[in-house]
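Trainee: For reference, the structure I am asking about is given below.
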Amino acid sequence: MNGGNSLSERYQHESIEKKWQERWESDALFRTSSDNKKKWYALTMFPYPSGDLHTGHWYAMAPSDVSARLKRMQGHNVLFPIGFDSFGLPAENAAIKQNVDPRTWTYNNIERMHGQLRAMGASFNWEREIITSDPDYYQWTQWWFLQLFNQDLAYQAEAAANWCPGCQTVLANEQVLNGNCERCDNVVSKRFLKQWFFRITKYAEELLDFSKMDWPKRIETMQTNWIGRSEGARISFDIDIQNVSEKIEVFTTRPDTIYGATYMVLAPEHPLVKTITQKAYIEDVQDYVEATTRISEIDRLSTERKKTGVFTGAYAINPVSKKRVPIWIADYVLSTYGTGAIMAVPAHDERDFEFAQAYKLEVIPVFDHEKIDVSEPLEAAFTTGRQMVNSEHFNGTLATEAIKKVTTYLEEQQLGEESITYRLRDWLISRQRYWGTPIPIIHCETCGIVPVPESDLPVLLPENVEFTTDGKSPLEQLQEWWLVECPNCKKPARRETDTIDTFVCSSWYQMRYIDPRNKTAPFAQEFAKEWLPVDQYTGGSEHAVMHLLYTRFFWKTARDLGLVDADEPMLRLFNQGIILGTDGNRMSKSRGNVVAPDQQVEKYGADAFRCQLMFIGPWDQGGPYDPKGMPGIVRWLNRVWNVANHSYTNKSESTDPTEQKNLERTVHQTIAGVTEDLERFQFNTAISKLMSLTSTLGKVQENPSIDNSTWHWAIQTLLLLMAPLAPHITEELWELLGQPYSIHKQPWPDYDPQIAAEEILQIVIQINGKVRDKIEVAATINKDDVEKRALQQDRIKELLLDQTPKKIIYVPGKLINIVV
RNA sequence: GCCGAGGUGGCGGAAUGGCAUACGCAGCGGGCUUAAAACCCGUCGCCUUCACGGGCUUGAGGGUUCGAAUCCCUCCCUCGGUACCA
């Protein structure tokens, strides 16, 4: 088979890939059928239509496609849909900068990406495509909003919100990373604004339960930390000022340290600050509160910063010791967590200790410690002590029982109660932007907040709006759009001009795919029963506490509305890693390390690009993509082409039974290995096994000694195993071999463990753990015979001389270790 | 700081208690060719030896074991997440 190929016989990816993509599409090959096969809902996170499919998209989607194709060949009825998460800020920014309509910009990008996605050769169910900015999609996003509103899960409230000056809008907590905007990286500040929220905190406890699905531990941990459940107690402190009846409520995880609470701290934003501040301190306090608002969130959160605060002049009464304790305000106490106020126990809390040192406040240890003399001034706070001291009748209580005992006492005395606090905040979903789903609410002076009747949906986004460079929402300036009649009293009213966070659009999209053209409901019950939940979800882990938390929340509201049955939306989740540039950094235009998929496809073909992305390493680890490695994959595909496309003739007409058996064994081993690897998303090792089989077949072809039917079976098996990975070349070769269309409709090959089992084994002989010799034995051999054979080897006799073995360890089928 | 993943040839990586470096890239040598491309074959961790062979090697150090890249302890580095959450 050396050389000699005429050009027309050579593998040419351009024509082949185009040919099959068109054929599959016109035949609707990957449309779901309604037969009795077991369903498999495979979902890859849908892209934002940025205008170009980049290597990261390929890295996420191509392996997902392989998995879906494997399931299809394994006999499942597979739903593997695709669409576009097409609302969002980039379109609006393009509108402001380039003076193009966001709609035009978005739909042009979608058009372009349609072509690029088709070039991937993925087996998407295109007939179910959804585009979240289409009115017939966002009508149902609005419908969801109304359902949540009716269930009291959507509400409007005034709150300190994260304001991004770059995006000119508020953000949810999850969308602020290290004090910066998740999208544009601008420093986020706080603004007090009236905003719409989804009551995700209602599901905090249930969202901590991951037992009904199989997700990566890492994501579970991240969500658990984000929800941040803390057990403790709420305790009320009286304020020692005449005519002030309010109490200061604190949350603490350490009620057992209450006798050590020597001062209190309110967050600067705490509503009681004004009430309690004494005359002589008003100026200082006001200055401090103002200064706090000027400090950026990022500085305020820095643990490096020295703690600051001011005394209010007021005192509270420690509810158990009845001592007067000073009330301070300090920015190390956050208004957004717990009650926005703390009891400070400097002896047993590092932060309180640091603050007490700085302002010379009293430190009273209420636990003793094996290594610390608590009668001397403490050098540092310690959190875990031995038993209670300075705590009146609790003295002597062991640390292990302290929390429970003190909490019970507080409850008996009606001073406090057991309590659980979460870090999770309600989801802020309103955005002061144009290019999003309009919130279906009307504000009426007489009737208040009035939901738009479902029959009036969708509330359409107006077209041809004006964009100004100051980034203000065009909707607010469009009176003819927002001036409407109140659905209740018919008086003039104002339409809500905020739009919905795009993460809402993507929170329920997996449910729409099952019935994407439904005009009367988000989806029909019969399809929900047929397809939901998603069996395998794949995508990046950057959405751990955003999309992946939001979609679980949405699903639970859907379940409580009776729309779906199961408790979780995605049963299995797999996170791919991040594909990097050749230099090991994230691909970015500024670094100049971007690999354009279109060029790779043009040069090497989609099959080669898919395979190379999967071959470079484990999918969950990501890593650098180096186009220099492409020749290896291209060579392999060429070898497959040559080995399958060249005639095989056993001229001598005689078969070598050993060779025949060896080939059968190798093929069965490959089926077993590749099946297992693909099921575990270990594409790199699957491809290496297929490369090895290809080499073996090449050698057999050069020296034909097996019968023709075994040869053809081996070649066909190779193609079947490769079909999910390289769908085009395998389809072409399948046709050239005269097999029935399509290879992608064929059943996945089975293997026989008996045929796959080795008959002859190589046993390593070690002396004191070092390899000294190897012998070949029959697989059926027993320990004694291996020992005998090993000790008879000349080389072993020589090395052992007259030493007698102390111990002989035999690992069946692998190794024998002689210890002397 | 805390949590998680990782550190293996010149490079991407394989091996999760039993032959370290599978598979591939790059390199080197050869074949085919007028030549090139393509294709095919061989070789390819380090030290030592004419050779057969021997010794060393999985970030560093220690431990467990007949046997450790793999398990345990200490430390270093890289990447990701998170950060005054009372």
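The values are calculated or read from the model by the stated rules, or taken from the named source; none is laboratory data. Since we're looking at a predicted model, the values are computed, not measured. Heads up, the Cβs are rebuilt from the backbone with ideal geometry, glycines too, and the neighbour counts pull from every protein chain shown. Ligands, DNA and RNA are stripped out before the accessible areas are found, and what is left, the full protein with its side chains, is counted by its heavy atoms. Shrake-Rupley method; radii C 1.70, N 1.55, O 1.52, S 1.80 Å.
Trainee: Taking K and R as +1 and D and E as -1, what net charge do the other residues with C-beta under 9 Å from the C-beta of residue A:744 add up to? List each step's numbers first, then the result.
Mentor: Numbers: positive: A:69, A:72, A:745; negative: A:731.
So the surrounding residues net to +2.
Trainee: Rounded to the nearest 0.05, what FRET efficiency is calculated for residue A:491 and residue A:104 with R0 set to 45 Å and r the Cβ-Cβ distance? The partial results should precede the final answer.
Mentor: Numbers: r = 37 Å, r/R0 = 0.81.
Efficiency computed from Cβ-Cβ geometry: 0.75.
Trainee: Residue-wise, which Karplus ³J(HN,Hα) couplings in Hz belong to region A:491-506, taking 6.51 cos²θ - 1.76 cosθ + 1.60, θ = phi - 60°, and x for glycine or proline?
Mentor: With coefficients 6.51, -1.76 and 1.60, one gets 7, x, 9, 10, 6, 4, 9, 7, 10, 8, 3, 5, 5, 6, 4, 8 Hz.
Trainee: So how strong a dipole does region A:450-578 carry about its Cα centre when Lys and Arg Cβ are +1 and Asp and Glu Cβ are -1, to the nearest 20 debye?
Mentor: Details: 13 positive and 20 negative charges, 39 e Å.
Dipole magnitude for region A:450-578 comes out near 180 debye.
Trainee: As a quick test, which of the pairs A:490/A:519; A:306/A:404; A:217/A:472 have an alpha carbon distance above 30 angstrom in this structure? Kindly include the intermediate steps, with their values, before the conclusion.
Mentor: Numbers: A:490/A:519 28 Å; A:306/A:404 34 Å; A:217/A:472 42 Å.
Over 30 Å Cα-Cα: A:306/A:404; A:217/A:472.
Trainee: Another one. Kindly write out, for region A:361-366 in residue order, the coupling ³J(HN,Hα) from the Karplus curve 6.51 cos²θ - 1.76 cosθ + 1.60 (θ = phi - 60°), rounded to whole Hz, with x marking Gly and Pro.
Mentor: 9, 5, 10, 10, x, 10
Trainee: Can you check what the net charge comes to around residue A:440, using other residues whose Cβ is under 10 Å from the Cβ of residue A:440 (Lys, Arg +1; Asp, Glu -1)?
Mentor: On the way: positive: A:495; negative: A:454, A:456, A:496.
Summing Lys and Arg as +1 and Asp and Glu as -1 gives -2.
Trainee: Against the longest principal axis of chain A, how steep is helix A:135-150, in degrees 0 to 90 to the nearest 10, with axes from Cα atoms?
Mentor: 40
Trainee: Now, a different point. Helix A:13-27 versus the longest principal axis of chain A: what angle, 0 to 90°, nearest 10, using Cα atoms?
Mentor: Taking the Cα atoms of chain A, the angle to A:13-27 is about 70 degrees.
Trainee: Find which of A:372, A:29, A:615 sits farthest along the positive direction of the dipole of chain A, computed with +1 on the beta-carbon of Lys and Arg, -1 on that of Asp and Glu, about the Cα centre.
Mentor: A:615
Trainee: Say the dipole of chain A comes from +1 at the beta carbon of Lys and Arg and -1 at that of Asp and Glu; which of A:712, A:593, A:606 then lies farthest toward its positive end?
Mentor: A:712
Trainee: Another question about this same structure. For region A:342-488, what % of the accessible area comes from carbon and sulfur atoms, probe 1.4 Å?
Mentor: On the way: 3640 of 8010 Å².
Here it works out to 45 percent.
Trainee: In whole Å, how far is the Cα centre of region A:666-688 from that of region A:746-820?
Mentor: 27
Trainee: Please work out the average accessible area per residue across chain A, using the 1.4 Å probe convention, and give it in Å². Walk me through the numbers before you get to the answer.
Mentor: Values: 38030 Å² over 820 residues.
So chain A comes to 46 Å² accessible per residue, rounded to a whole number.
Trainee: Mind giving me the FRET efficiency for residue A:647 and residue A:383? R0 is 60 Å, r the Cβ-Cβ distance, nearest 0.05 is fine.
Mentor: Numbers: r = 78 Å, r/R0 = 1.30.
Efficiency, from the Cβ-Cβ distance: 0.15.
Trainee: What order do A:155, A:59 take when sorted by accessible area (1.4 Å probe), most exposed first? Walk me through the numbers on the way to the answer.
Mentor: Working: A:155 50, A:59 5 Å².
Descending accessible area places them as A:155, A:59.
Trainee: List the residues, sorted by chain then number, that are 5 or more residues from residue A:495 or on another chain and whose placed amide H is less than 5 Å from its amide H.
Mentor: Excluding prolines and chain starts, which carry no amide H, the hits are A:443, A:483, A:484.
Trainee: Using alpha carbons only, how many angstrom separate the centre of region A:691-735 from the centre of region A:87-161?
Mentor: For region A:691-735 versus region A:87-161, the Cα centre distance is 45 Å.
Trainee: Let me spell out the model: positive unit charges on the Cβ of Lys and Arg, negative unit charges on the Cβ of Asp and Glu, origin at the Cα centre of chain A. What dipole size does that give, in debye rounded to 20? Please list the in-between numbers first.
Mentor: Working: 88 positive and 110 negative charges, 215 e Å.
So the dipole magnitude of chain A works out to roughly 1040 debye.
Trainee: Jot down the per residue volume, in cubic angstrom and as a whole number, of the convex hull over the alpha-carbon atoms of chain A. Could the numbers behind the result be given before it?
Mentor: Numbers: hull volume 203.9 nm³, N = 820.
It comes to 249 Å³ per residue, whole-number rounded.
Trainee: Need the C-alpha centroid separation for region A:171-237 versus region A:43-70, integer Å.
Mentor: 28
Trainee: Evaluate the charge dipole of region A:758-819 about its Cα centre and quote only its size in Debye, nearest 20, assuming +1 on the Cβ of each Lys and Arg and -1 on the Cβ of each Asp and Glu.
Mentor: Values: 11 positive and 10 negative charges, 63 e Å.
Once rounded to the nearest 20, the dipole reads 300 debye.
Trainee: Tell me which of A:114, A:77, A:624 sits at the most positive position along the dipole axis of chain A, charges placed on C-beta atoms (Lys, Arg +1; Asp, Glu -1).
Mentor: Final value for the positive-end residue is A:624.
Trainee: Restricting to Cα pairs below 8 Å that are 6+ residues apart, what does the relative contact order work out to for chain A? Please round to a whole percent.
Mentor: Over chain A, the number comes to 14 percent.
Trainee: Would you calculate the separation in nanometres between label points at residue A:655 and residue A:676, each defined as 7 Å from the Cα along the Cα-to-beta-carbon direction?
Mentor: 2.8
Trainee: What's the ranking of A:663-673, A:39-49 by average number of surrounding C-beta atoms within 10 Å, highest first?
Mentor: On the way: A:663-673: 20.3, A:39-49: 22.5.
Ranking the peptides A:663-673, A:39-49 by packing returns A:39-49, A:663-673.
Trainee: Separate question: If we count every other residue with Cβ under 15 angstrom of residue A:455's Cβ, Lys/Arg +1 and Asp/Glu -1, where does the sum land?
Mentor: Net local charge, residue A:455 excluded: -2.
Trainee: Quick one: helix A:102-119 against the long Cα principal axis of chain A, what's the angle to the nearest 10°, folded into 0 to 90?
Mentor: With both axes taken from Cα atoms, the answer is about 30 degrees.
Trainee: Counting each DSSP H run of 4 or more residues in chain A as -39500 (n - 2.57), what helix-only mean residue ellipticity at 222 nm follows after dividing by all residues, to the nearest 500 deg cm²/dmol? Please report the intermediate quantities before stating the final value.
Mentor: Working: 27 runs with 293 residues, N = 820.
Roughly -11000 deg cm²/dmol at 222 nm, from the helical runs in chain A.
Trainee: At a 1.4 Å probe radius, carbon and sulfur cover how many percent of the accessible area of region A:669-756? Each step should come with its number before you reach the end.
Mentor: Numbers: 1600 of 3390 Å².
For region A:669-756, the apolar C and S fraction of the accessible surface comes to 47 percent.
Trainee: Another question, then. Quick check: residue separation of residue A:476 and residue A:34 times 0.36 nm, minus the Cα distance between them. What number comes out in nm?
Mentor: Working: separation 442, 0.36 × 442 = 159.12 nm, distance 4.76 nm.
Once the chain is fully extended between residue A:476 and residue A:34, it gains 154.4 nm.
Trainee: I need the calculated FRET efficiency for the pair residue A:703 and residue A:591, taking r as the beta carbon distance and R₀ as 51 Å, to the nearest 0.05. List each step's numbers first, then the result.
Mentor: Numbers: r = 50 Å, r/R0 = 0.98.
About 0.55, to the nearest 0.05.
Trainee: Further question: Note down the relative contact order for region A:493-627 as a percent, whole number, built from C-alpha pairs under 8 angstrom at least six residues apart.
Mentor: Working: 146 pairs, mean separation 28.6, N = 135.
21 percent.
Trainee: Any idea of residue A:420's accessible area? Nearest 10 Å², probe 1.4 Å.
Mentor: 70
Trainee: Carbon and sulfur: what percent of region A:758-819's accessible surface (1.4 Å probe)? Intermediate results must be reported in sequence, preceding the final value.
Mentor: Numbers: 2010 of 4160 Å².
Here carbon and sulfur together make up 48 percent of the probe-accessible area.
Trainee: Related question: Quick one: which residues, 5+ away or cross-chain, put their amide H under 5 Å from the amide H of residue A:263? H built at 1.01 Å from N.
Mentor: A:344
Trainee: Can you tell me, using C-alpha contacts under 8 Å and at least 6 residues apart, the relative contact order of region A:758-819 as a whole percent? All intermediate terms of the calculation are to be shown ahead of the outcome.
Mentor: Working: 92 pairs, mean separation 25.6, N = 62.
Once divided by the residue count of region A:758-819, the mean separation gives 41 percent.
Trainee: In nm², what is the average projected area of the convex hull enclosing the Cα atoms of region A:317-472?
Mentor: Values: hull surface 70.5 nm².
The Cα convex hull of region A:317-472, projected and averaged over all directions, gives 17.6 nm².
Trainee: In addition: What figure in square angstrom, to the nearest 10, would you give for the accessible area of residue A:434 with a 1.4 Å probe?
Mentor: Only protein atoms counted, so the area is about 0 Å².
Trainee: Could you give each residue of region A:350-359 its phi-based ³J(HN,Hα) in whole Hz, using Karplus coefficients 6.51, -1.76, 1.60 with θ = phi - 60°, and x for Gly or Pro?
Mentor: The phi angles translate into 4, 5, 5, 4, 4, 5, 5, 4, 5, 10 Hz.
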